[in-house]
Amino acid sequence: MRHDGRAPDQLRPLKLERGYAKFAEGSCLIQIGDTHMLVTATVEDRVPQFKKNSGEGWLTAEYSMLPRSGRQRNQRDLMKPNGRSMEIQRLIGRAMRTVVELDRLGERTITLDCDAIRADGGTRCAAITAAYVATHDAMRWMMNNRMLKQMALKEPVAAISVGVVGGQEVLDLDYDEDSTANTDMNVVMTGSGRFVEVQGTAEHEPFSAETLGKMLKLAKKGCEELMAAQKAVLEA
């Protein structure tokens, strides 16, 4: 058993809430344990310069943490994101673009704003999981406004953390586990069971192929549970 009583393959308590931001075209508040992320999706009739006259749309993401979302105060990214925020928002954008049919959006941009309200580990993974729901609802809004004929999503996508803590492979690390992990990994997976991104690092001892296999198996289980939750909230 882990410090919070969970089994090694158990997610933290999970809740997804659609439509949390009243005025956004799509939004989702995800609560997974003590990590709470709000993701909003904004639709605009413009594209970046490199997409102009291509007939295709674009999807991008921005990520930040409220100053007291964590255990210490973070400085606000007033001028430009810090290196960590840049890395995470690029990951979110890449993950979502793998499942979005950009050629069917027209020359429009969907911007995902991902803000950590409370951060207790796994914020980037929570953001991706919520971003799928927010994007889905933004596309519903586009359909209702005759911008799309049908949903421009190929399949679901979700993300979860795994790691090795105290010699045990575990799923969905909180901050205490992440800060002491021998290995930690973020895994992004689609509904068809394919991997979008695997970010893994050994903090102390290198890990074996066997350990990698066990972690990926845990991540697959976690992502499947997250996608089941996405499906349930979108059908509610």
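Suppose we filter the stretch 148-176 for residues that are farther than 27 Å from G70 by Cα and surrounded by 17 or more Cβ atoms within 10 Å (Cβ to Cβ); how many remain? Matching residues across the stretch 148-176 total 4. Taken across the stretch 50-63, residues that are assigned to a helix (DSSP H, G or I), among the hydrophobic types (A, V, I, L, M, F, W, C) and out of contact with any helix residue (DSSP H, G or I) (no Cβ under 8 Å at 6 or more places or on another chain) do occur, with at least one present. Of the residues screened, A138 is not one that is of a type outside the set (D, E, K, R), under 29 Å from M185 (Cβ atoms) and either in contact (Cβ under 8 Å) with a residue 40 or more places away in the chain or buried (at least 21 other Cβ atoms within 10 Å of the Cβ) (or both). The listed residues are A130, A119, and the only one of them that is surrounded by fewer than 24 Cβ atoms within 10 Å (Cβ to Cβ) and either touching a residue at least 60 places away in the same chain (Cβ under 8 Å) or within 22 Å of F23 (Cα to Cα) (or both) turns out to be A119. On the basis of being of a type in the set (S, T, Y), surrounded by fewer than 16 Cβ atoms within 10 Å (Cβ to Cβ) and without any contact (Cβ under 8 Å) to a residue 60 or more places away in the chain, does S179 make the cut? Yes.
Condition check: in contact with a Gly (Cβ under 6 Å, 6 or more places away or on another chain), assigned to a strand (DSSP E or B) and touching a residue at least 12 places away in the same chain (Cβ under 8 Å). Does M185 satisfy that? The answer is yes for M185.
Summed over the stretch 68-115, residues that are hydroxyl-bearing (S, T, Y), surrounded by fewer than 17 Cβ atoms within 10 Å (Cβ to Cβ) and in contact with an Asp or Glu (Cβ under 7 Å, 6 or more places away or on another chain) total 0. Within the stretch 203-219, restricting attention to residues that are within 11 Å of T183 (Cβ to Cβ) and of a type in the set (A, V, I, L, M), the residue that is surrounded by the most Cβ atoms within 10 Å (Cβ to Cβ) is M215. Against the numbered list (1) of a type in the set (D, E); (2) assigned to a helix (DSSP H, G or I); (3) modelled with pLDDT under 95, E225 comes up short only at (3). When the stretch 35-67 is examined, which residues are found to be within 21 Å of the chain's Cα centre (by Cα) and either surrounded by fewer than 15 Cβ atoms within 10 Å (Cβ to Cβ) or basic (K, R) (or both)? Scanning the stretch 35-67 gives a single hit, P67.
Scanning the stretch 195-214 for residues that are more than 12 Å from A159 (Cα to Cα) and within 20 Å of the chain's Cα centre (by Cα) returns G200, T201. Taking the criterion of being of a type outside the set (V, I, T) and assigned to a strand (DSSP E or B), the residues of the stretch 190-222 that qualify are F195, E197, Q199, G200, A202. Among L66, L59, L11, L38, which is closer than 18 Å to D172 by Cβ and among the hydrophobic types (A, V, I, L, M, F, W, C)? Criteria check complete, one pass: L11.
Tallying residues that are under 15 Å from T190 (Cβ atoms) and aliphatic (A, V, I, L, M) within the stretch 113-132 yields 2.
When restricted to residues that are touching a Lys or Arg at 6+ places or on another chain (Cβ under 9 Å) and more than 17 Å from E155 (Cβ to Cβ), the stretch 122-140 contains 1.
The values are calculated or read from the model by the stated rules, or taken from the named source; none is laboratory data. Predicted model, so just to flag it, every value in this text is computed and none were measured. Virtual Cβ from ideal backbone geometry, glycine too; neighbours counted across all protein chains shown.
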